[in-house]
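Here's the structure we're looking at; comments come further down.
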Amino acid sequence: MIRLLLLIAVGYAVWTLFRHRKEKDAENIEVKTDPHTGNLVKDPVCGVYVDADGPIRVRDGEKLYVFCSYDCRDAFLKGLKK
């Protein structure tokens, strides 16, 4: 009985560890906080920092990308299709 409880506890600890890691990987956005402008993320195409809540976004699997312009978004999408 004790072995079963120990096995369940270890299993739960491992599951919690991997679940937390997966949630952290899903956030995969480099966020910089500036007291004057708020949360900023880096545009993956041109490197400009934009508002993390910006309207021009693309989700690729679990990653979310935010762009400064539709031109950067379109260039990124062309790169994904290759």
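Read-outs: derived from the displayed coordinates by stated rules, not from any lab. Since the model is a prediction, treat every value here as computed from it, not as a measurement. Note that each Cβ is placed from the backbone with ideal geometry, even for glycine, and that neighbours are counted across all protein chains shown.
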Simple SL model, points at 7 angstrom along Cα→Cβ for LYS63 and ALA9; separation in nm is 4.0
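FRET efficiency for MET1 and ASP74, Cβ-Cβ distance as r, R0 = 41 Å, nearest 0.05? Walk me through the intermediate numbers first.
Working: r = 62 Å, r/R0 = 1.50.
About 0.10, to the nearest 0.05.
Stretch THR16-LYS81 to full length: gain in nm at 0.36 nm per residue minus the Cα-Cα span?
Details: separation 65, 0.36 × 65 = 23.40 nm, distance 3.52 nm.
The THR16-LYS81 span can extend by a further 19.9 nm.
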